[in-house]
Structures are given as C-alpha cells and as structure tokens.
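J.: Please read through the structure below; I'll follow up with questions.
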Amino acid sequence: MTATVQAIYQAVREEVVGREREITSILAAISAGRDLLLEGPPGIGKSTILRTITRHYDIPLVLVEGNADLTPAKLIGYHNPAQVVRHGYRPEDFVPGPLPDAMQRGGFLYIEEFNRVPEDTLNTLLTAMAEREITIPRVGTLRALPTFRIVAAMNPFDNVGTARISISIYDRLCRLAMGYQSEDEERRIVALRTGSDAPRLIEAAVAITRATRAHPEARLGSSVRGAIDLVLVAHQLAEIRGLPLDGDGARFEDVLLEAALLALSSKISLHETTERTPEDVIREIVAGIVPEAVDRGKDGE
C-alpha cells in the first residue's frame, strides 16, 4: 500500500455516497494490519466500499461466496489431476484457491455470508490470520504480502442455514456494524446509480423501499437496491407505454405500483406466521405513500 491512508480516505469519500464513519473505520483497521468483519444487512454498500478502497490501493479484491459447500480444499486449492498423473505431485502444478491467491498477490480476501461457511473451513484461516502464512502439503509454506487482509461480511438478521463462528476466529477480527443510510443519502445513491431525471419517482421509490424495513410483517426489508431497481423498471415501463414520468396524476401513478411489485417482491422476507404475500405488503406500503397508485392498480385488474 504505497498511497497514504489519508489520500485513500479522500479518494474513497469522493466516490462513495455518505458512509464517512464506515470508510474511516475500515481504513483504520486495515491500515493497522488487522483483519475485519463487516456486519449488517445485504445491500448496504460493504462490497462497494471495499472495491473502491482496493482499486485506489491498486490491489486485488478476491471474492468468495460463503456457503455450506465451501470446503477447505476449495478455499486453499488443489493439485492439477492431469499433471499429478503425468508427473506426480509438484509445487508448480498446484492450482491456488482464493486464500493463497489473495496472499500471494497482496489483496483482500473478501468472504461474503461468513456465518454460512462450515467451521472446519473457517479454521483454515486461523494460521493465515495469525501468522500471515499457510503450509500446503507438497507445496510448502506460502507467506502473504504485507497488503494481504481477510475481510468477512455477514448478515446478523438471517439465521437460516448459518453456522457457529468460533471464539478463536472472532478474537482475530475487528468488527464494524453497519446499518442502512439516511433517506437523503439513499436518494443520492439511487440518482447516481440510475441516472434518473425524475426526482418525484426517486423520492417515492426510496420512501417505499425504506417502509419495507419497518413493516410489522416483514422479517427483513429491502436495501437501497430495491429503490434502484424500482426506478430502473419504472423508466422502462414508462417508455414501453409512452408515458412521461415527470408529470402528475395518472402519468406517474400508472407505472409506480407495477414497478414496485416487480422490483421489491423478491427483496423482502416475511415472517413465517403471516398469511399475506409480499405483493400484499407492497400494495399496502404503496397505498400509504401514493394512494392513487393502488386505487388505479385495482381498477386495472
């Protein structure tokens, strides 16, 4: 990391909307040589911040999707079977997995859904975290470049299919809890990501999306990705139907509900005890924000 942490901080702040505290904390931890756990719901910008940081440091971000099928062998790598048959085990025939790849290239190993990774796989990280090296049979000891870090992310609100993380793993990580951003920041994110020139649509999309997080029947609401998708879909619906989105009344409302149903119904999780569907909840939310949209939607059924 040749650039100064202050220079990286200023560069990342110019590209990421808000998140000043989080950017500062992440940079402080990695600059101190620590590995890091980012804890928060999906879609709140964890990977965006990391991609921006690693790009400005000019180091790779090696992404791993955490799940029950992530074995130690998949994380560490394997010997090329064809070469083993031909020559036997040779170090040069070893195909590195994401862990040695990140270590040798001095990048960040970014493990998403960290609490879905089996315990025996997580234990393979211990030596890399503590000693900055790993020993691979028939290959030898690989030492990490100074810029190597392990950054994990997990959603604390989803316990389905998750595994226990040992104290020995937690003890080697700094932890940063992240939540949703302010309404104003989410509007800015949606405007930036969509390029939309319809401020009323952006305002409604963000309001509807944020309301899914507070609905009593929702176990988990939508992130700002829902508002981004809503705006993008609404623009396409308006174009197909030849309706401008910068007017009032029917011209705006005709597409809002349909776009909300398309964009958000897959992004909210309801409590198991409810008998309602995601579409029911979205209609209720939209009715509370733009009642005319729901009334017109019912007329068209």
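The values are calculated or read from the model by the stated rules, or taken from the named source; none is laboratory data. No experiment lies behind these values; they were computed from the predicted model shown. So basically every Cβ, Gly included, is an ideal-geometry build from the backbone, and we count neighbours across all protein chains shown. Ligands, DNA and RNA are excluded from the accessible area calculation, which covers all protein heavy atoms including side chains. Shrake-Rupley method; radii C 1.70, N 1.55, O 1.52, S 1.80 Å.
J.: May I ask you to derive the relative contact order of region 9-141, considering only C-alpha pairs under 8 Å and at least 6 residues apart, and to give it as an integer percent?
T.: Values: 139 pairs, mean separation 32.9, N = 133.
Over region 9-141, the number comes to 25 percent.
J.: What is the gain in length, in nm to one decimal, between ARG86 and ALA214 on full extension, counting 0.36 nm per residue of separation less the C-alpha to C-alpha distance? Could the numbers behind the result be given before it?
T.: Details: separation 128, 0.36 × 128 = 46.08 nm, distance 6.09 nm.
Gain on stretching ARG86 to ALA214: 40.0 nm.
J.: For the chain, find the longest principal axis of its Cα atoms and tell me its angle to the long axis of helix 183-194, 0 to 90°, nearest 10.
T.: 80 degrees
J.: Per residue, what accessible area does region 1-140 have, given a 1.4 Å probe and all protein chains present, in Å²? Working shown, then result.
T.: Values: 6460 Å² over 140 residues.
In whole numbers, region 1-140 has 46 Å² accessible per residue.
J.: Separate question: So, by mean Cβ neighbours within 10 angstrom, what's the order for 44-51, 137-144 with the highest one leading?
T.: Details: 44-51: 19.9, 137-144: 14.1.
Descending mean neighbour count gives 44-51, 137-144.
J.: To the nearest 20 debye, what is the magnitude of the charge dipole of region 1-134 about its Cα centre, counting +1 on the Cβ of each Lys and Arg and -1 on the Cβ of each Asp and Glu? Please report the intermediate quantities before stating the final value.
T.: Values: 13 positive and 18 negative charges, 51 e Å.
Here region 1-134 has a charge dipole of around 240 debye.
J.: Oh, and also: Taking all protein chains as present, what is the carbon and sulfur share of the accessible area of the chain, in % to the nearest whole number, probe 1.4 Å? Each step should come with its number before you reach the end.
T.: Numbers: 7290 of 14800 Å².
Carbon-and-sulfur percentage of accessible area, whole number: 49.
J.: Let me ask another. If the convex hull of the alpha-carbon atoms of the chain is projected onto planes in all directions, what is the mean projected area in square nanometres?
T.: Numbers: hull surface 76.8 nm².
With the hull built on Cα positions only, its mean projection is 19.2 nm².
J.: Further question on the same structure: Using the Karplus curve 6.51 cos²θ - 1.76 cosθ + 1.60 with θ = phi - 60°, what ³J(HN,Hα) values do you get for each residue of region 230-243, in whole Hz, with x for Gly and Pro?
T.: 4, 5, 4, 5, 4, 4, 5, 4, 5, 5, 4, 9, x, 10
J.: I've got another one for you. What FRET efficiency comes out for THR71 versus ILE240 if R0 is 35 angstrom and r is the Cβ-Cβ distance? Round to the nearest 0.05.
T.: Numbers: r = 46 Å, r/R0 = 1.32.
Calculated transfer efficiency: 0.15.
J.: Per-residue HN-Hα couplings for region 18-35, Karplus 6.51 cos²θ - 1.76 cosθ + 1.60 at θ = phi - 60°, whole Hz, x for Gly and Pro?
T.: Once θ is set to phi - 60°, the couplings for region 18-35 become x, 6, 4, 4, 5, 4, 4, 5, 4, 5, 5, 5, 6, 6, 7, x, 9, 8 Hz.
J.: Place a +1 charge on the Cβ of each Lys and Arg in the chain and a -1 charge on the Cβ of each Asp and Glu, then give the dipole magnitude about the Cα centre in debye, rounded to the nearest 20. Each step should come with its number before you reach the end.
T.: Values: 34 positive and 43 negative charges, 279 e Å.
My answer is approximately 1340 debye.
J.: Whole-Hz ³J(HN,Hα) for each residue in region 137-146, computed from phi via Karplus 6.51 cos²θ - 1.76 cosθ + 1.60 with θ = phi - 60°, x for glycine and proline: what do you get?
T.: Karplus-based 3J(HN,Hα) across region 137-146 equals x, 6, 10, x, 9, 9, 10, 7, 5, x Hz.
J.: How much accessible area does VAL290 have with a 1.4 Å probe, in Å² rounded to the nearest 10?
T.: Counting only protein heavy atoms, the figure is 10 Å².
J.: While we're on this one: Provide the packing ranking of 212-218, 107-113, i.e. peptides ordered by the mean count of other C-beta atoms within 10 Å per residue, highest first.
T.: Packing order, densest peptide first, comes out as 107-113, 212-218.
J.: Sticking with this structure for a sec: Using 1/(1 + (r/R0)^6) with R0 = 35 angstrom and r between the beta carbons of GLU185 and TYR78, what's the FRET efficiency to the nearest 0.05?
T.: Working: r = 44 Å, r/R0 = 1.25.
The computed FRET efficiency comes out at 0.20.
J.: Same structure, new question: Take every DSSP beta bridge with both residues inside the chain and express the antiparallel ones as a percent of the total, to the nearest 5.
T.: If I count the DSSP bridges inside the chain, around 35 percent turn out antiparallel.
J.: Now for a different question. By how many degrees, 0 to 90 and rounded to 10, does the Cα axis of helix 46-57 deviate from the longest principal axis of the chain?
T.: Result, in degrees: 50.
J.: Top mean-square fluctuation among GLN181, GLN236, GLN83, Gaussian network model of the chain, C-alpha springs under 10 Å?
T.: Comparing GLN181, GLN236, GLN83 in the GNM, the peak value goes to GLN83.
J.: Considering the alpha-carbon set of region 1-157 alone, what are its Rg and its Dmax in angstrom?
T.: So, for region 1-157, Rg and Dmax equal 16.7, 55 Å respectively.
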